[in-house]
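Novice: A single structure is presented below for examination.
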Amino acid sequence: MIARLLAGAALAALTIGVLSTGPAMAQQGKLSGDMVKIGVLNDRSGLYADLGGEGSVVAAKMAAEEFGNKILGKPIEFVAADHQNKPDIGANLARQWIDQDGVDVIVDVPNSGVALAVQEVTKEKKKIFLMEGPATSRLTGDACSPTGFHWPYDTHALAVGTGQAMVKEGGDSWFFITADYAFGHQLEADTSVEVKKAGGKIVGSVKAPLNTADFSSFLLQAQASGAKVVGLANAGGDTITSIKQAAEFGLTQSGQQKLAGLLIFLSDVHALGLQVAQDLVLTTGFYWDRDDETRAWSKKFFDRYGKMPTMVQAGSYSAVRHYLKAIEAAGTDDGPTVAAKMKEMPVNDMFAKNGTILPNGRMVHDMYLARVKKPSESKGAWDYYQILRTIPGKDAFATFEESGCKLPK
């Protein structure tokens, strides 16, 4: 069965193509395979396809184009594949890409279970792993890697933002509906810590399988708990389904309970519509309408993809751009050498200003607490968020010492 799945996944791998045939630059460096090969590995057909998917490939290619589609005078090539939200498929594709196809770096990988499996492969092979889609803070904690980099957000930052904000607004008792795998478990754990730290309490939780079609039994348990806040520790299609069904149940209409979407993407709000999503409070690492630079980059992305970018897609651009800059500075694509250079250099682009990278690979940058606008407040298409406040990076993310990572500092 597994062999058939792997064969199917391998066939699904899409060769995006060599991007450059232009004359070699004067500067020549040491590159394995005489090129840099970037593998975007994500969910291209399931519940996380909208938040990353092909949009992450488009964003990564936009970063390569800023280098003239070549680095150290050699071409940049892309491949992409669907991990189907299965850790064994993700890990085996990563191993095949590195061992047989000459892939130098793996990008995106939403689904924390898959990302944890791929992290082990890239650590063993000493290859760079740029994580934009997965959330669990374990990736820079007990499961950290010398060549792993976690970019737009993590469960710790989401908990600090939305968890603390909801308690301060009076939501001091919580019940969780939690995705039943590594990501959901960690998001519930991290949020529980922040809720208690802010003076709140946890009255209960229930675990829902990934890709649940019917949340009614879980919502009834949340309703019966009497908690002031129902925390949705899920993402993508599961978040959309649970919010829609909560509205059908009238869970929030009485005013006794509020929903806290602990991981909401712009694509989720777009799918829900403002009538359903209005007034949700969320934490994000990126919003397209933040300043002139984000608006300009997002317009280019929209012109190619037909949608405004999520923080995962914008993060894919930023991480790949920083990786290519590090290769340029190091003169090689050797994984440990490039990783060391990435950690030396600040991250400065439209995604982050003066971002820093901790020894465990955590990219520290400002996060944003946002509220979804009411339909009457929105001025047009994709005008969805009101930024309530900026959360400084040093407050949003755990320090290296707090992370539990055992790498040398």
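Novice: Treating the angle as unsigned and between 0 and 90°, give the value, to the nearest 10°, between the Cα long axis of helix 311-330 and the longest Cα principal axis of the chain.
Specialist: The helix 311-330 is inclined about 30 degrees to the chain.
Novice: Rolling a 1.4 angstrom probe over the protein chains, ignoring ligands and nucleic acids, what is the accessible area of LEU210 in square angstrom, nearest 10?
Specialist: Estimated to the nearest 10 Å², LEU210 gives 60 Å².
Novice: So what are the ³J(HN,Hα) numbers for the range 156-170, from phi and the Karplus equation (6.51, -1.76, 1.60; θ = phi - 60°), rounded to whole Hz, Gly and Pro as x?
Specialist: Rounded to whole hertz, the list is 5, 5, 5, 5, 4, x, 6, x, 5, 5, 5, 5, 5, 8, x.
Novice: If amide H atoms are built 1.01 Å from N in the plane of the peptide, which residues on other chains or at least 5 residues away come under 5 Å of the amide H of GLY231?
Specialist: For GLY231, the qualifying residues are PHE175, PHE176, ILE177, ALA260.
Novice: Which whole-number percentage describes the relative contact order of the range 59-214, with Cα contacts under 8 Å and a sequence gap of 6 or more? Walk me through the numbers before you get to the answer.
Specialist: Numbers: 222 pairs, mean separation 25.2, N = 156.
RCO, the range 59-214: 16 percent.
Novice: Shifting gears a bit: Excluding the sites themselves, what is the longest stretch of the chain that contains no GluC sites (Glu not before Pro) in a DSSP loop with at most 16 other C-beta atoms within 10 Å?
Specialist: The reported range is 170-376.
Novice: Is the C-alpha gyration tensor of the range 123-230 telling us rounded, prolate or oblate? Criteria: a/c under 1.5 is rounded; beyond that, a/b larger than b/c is prolate, otherwise oblate.
Specialist: Oblate is the answer for the range 123-230, as a/c is 1.5 or above yet b/c matches or exceeds a/b.
Novice: Using a cut-off of under 15 Å, list every residue of the range 87-131 whose amide N is near the label point 7 Å from the Cα of SER45 along the Cα-to-beta-carbon line.
Specialist: What the label zone holds, given the 15 Å backbone N cut-off, is 89-90.
Novice: Find out how many positive minus negative residues lie around ILE98, taking Lys and Arg as positive, Asp and Glu as negative, among other residues whose Cβ is under 15 Å from that of ILE98.
Specialist: Residues near ILE98 contribute -2 overall.
Novice: Here's a follow-up. Roll a 1.4 Å probe over the protein chains and send me the accessible area per residue for the chain in Å².
Specialist: Value for the chain: 37 Å² per residue.
Novice: For ILE357, what charge total do you get from the other residues with a beta carbon under 9 Å from its beta carbon, if Lys and Arg give +1 and Asp and Glu give -1?
Specialist: Numbers: positive: LYS343, ARG362; negative: GLU344.
Taking every Cβ under 9 Å from that of ILE357, the sum is +1.
Novice: Relative contact order of the chain: what whole-number percent is it, with Cα pairs under 8 angstrom and at least 6 residues apart? Write down the numbers at each step before the final one.
Specialist: Values: 886 pairs, mean separation 73.5, N = 409.
Relative CO of the chain lands at 18 percent.
Novice: Under a 5 Å amide H to amide H cut-off, with H placed in plane at 1.01 Å, what residues pair with ILE391 once short-range neighbours are removed?
Specialist: Amide H neighbours of ILE391, under 5 Å, 5+ apart: MET367, TYR368, LEU369.
Novice: Got a sec to turn the phi values of the range 72-83 into Karplus ³J(HN,Hα) couplings, 6.51 cos²θ - 1.76 cosθ + 1.60 with θ = phi - 60°, whole Hz, x for Gly and Pro?
Specialist: After applying 6.51 cos²θ - 1.76 cosθ + 1.60, I find 6, x, 10, x, 10, 10, 10, 10, 9, 8, 9, 7 Hz.
Novice: Could you sort HIS83, HIS156, HIS185 by accessible area so the largest value comes first, with the probe set to 1.4 Å?
Specialist: HIS185, HIS156, HIS83
Novice: Further question: Find which of SER45, VAL372, VAL79 sits farthest along the positive direction of the dipole of the chain, computed with +1 on the beta-carbon of Lys and Arg, -1 on that of Asp and Glu, about the Cα centre.
Specialist: Going by the charge dipole, the pick is VAL372.
Novice: Heavy-atom accessible area of SER376 with all protein chains present, probe 1.4 Å, nearest 10 Å²?
Specialist: For SER376, solvent-accessible area is about 110 Å².
Novice: Per residue of the range 107-121, in order, report the coupling 6.51 cos²θ - 1.76 cosθ + 1.60 (Karplus, θ = phi - 60°) as ³J(HN,Hα) in whole Hz, putting x for Gly and Pro.
Specialist: Running phi through 6.51 cos²θ - 1.76 cosθ + 1.60 with θ = phi - 60° gives 10, 5, 6, x, 5, 4, x, 5, 4, 4, 5, 5, 4, 5, 5 Hz.
The values are calculated or read from the model by the stated rules, or taken from the named source; none is laboratory data. Predicted, not measured: the structure shown is a model, and the values here were computed from it. Positions of Cβ are generated from backbone atoms using ideal geometry, with glycine treated the same way; all protein chains shown enter the neighbour counts. Heavy atoms of the whole protein, side chains included, go into the accessibility calculation; ligands, DNA and RNA do not. Shrake-Rupley method; radii C 1.70, N 1.55, O 1.52, S 1.80 Å.
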